[in-house]
Amino acid sequence: MMQFLEQISTWLGASPIGYFAKHYEWVWPTCQILHFVGLVMLVGMVGILDLRMLGVAKGLSARPLNKFVRFGIAGFVLNIVTGVVFYAGDPLQYLHNPAFQWKMAFVALAGLNVLTFYATGMFRRVDALGPGDDAPLGAKIIATMGLLFWFAVMYMGRMLPYLGDAF
């Protein structure tokens, strides 16, 4: 499996995206800013809903908060785009970095958590929460896990320069 990932990574590093990331000095800092903005959108918007499910601001209905989830999705897409540019700029420094591997594992777990939220129909129960209503226990578990996973993603992203041989 690692050999396959190394081949794809080498190809990506030699692609036009890799060239773009390596040969224009403004690309990296611009992508860092956009990656941070995407993370703020994602964790900020999804975090608001998660915190409501955990009982913060119970005076609010959940339905209006759900309308902000689209900004979280936009932030996630922005992070995917900028993350691909980072990775293409020097893929092998990321591929073998344990912080990057953990970061991607936590992104996958966060994605599974979101799928659980929607696949179980829990989102319908949360959407129906009115002012003062308590979220179901399942929603609270999903919210807690979501916050933990996204904070773990941020932590591991910050640890990229400090763990492993990269950077």
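Derivation of every value follows stated rules applied to the coordinates shown; laboratory data play no part. Just so we're clear, the structure is a prediction, and the values are computed from it rather than from any experiment. Every residue, glycine as well, gets a Cβ built from its backbone with ideal geometry; the counts of neighbours run over all protein chains shown.
Descriptive notes on the structure:
- Extension gain for Ile73-Thr10 works out to 19.8 nm (0.36 nm per residue, less the C-alpha to C-alpha distance).
- Taking only the C-alpha atoms of the range 77-167, Rg followed by Dmax gives 16.6, 50 Å.
- Cross-link reach list, lysines versus Lys58, counting only Cα pairs under 20 Å and skipping chain neighbours closer than eight places: Lys67, Lys140
- In degrees, nearest ten, helix 2-13 long axis to first principal axis of the chain (Cα): 80
- Each Lys and Arg Cβ is given +1 and each Asp and Glu Cβ -1; about its Cα centre, the range 114-167 then shows a dipole of about 40 debye.
- Among Phe117, Gly55, Phe86 - extreme Cα towards positive end, dipole of the chain, charges at beta-carbon: Gly55
- Sites Met159 and Glu25, calculated FRET efficiency, Cβ-Cβ separation with R0 22 Å, nearest 0.05: 0.35
- The HN-Hα couplings worked out from phi for the range 38-47 by the Karplus form 6.51 cos²θ - 1.76 cosθ + 1.60 (θ = phi - 60°) are x, 5, 4, 4, 5, 5, x, 6, 5, x Hz, whole numbers, x standing for Gly and Pro.
- Take the Cα radius of gyration of the chain and divide it by 2.2 N^0.38 Å, N being the number of residues; the result is 1.18.
- Shape class for the range 10-84, computed from the alpha carbon gyration tensor (a ≥ b ≥ c): prolate, with a/c not under 1.5 and a/b above b/c.
- Folded to 0 to 90 degrees: helix 98-119 orientation relative to the chain principal axis, Cα: 30
- The length gained by stretching the chain between Asn66 and His96 to full extension, at 0.36 nm per residue less their Cα-Cα distance, is 7.0 nm.
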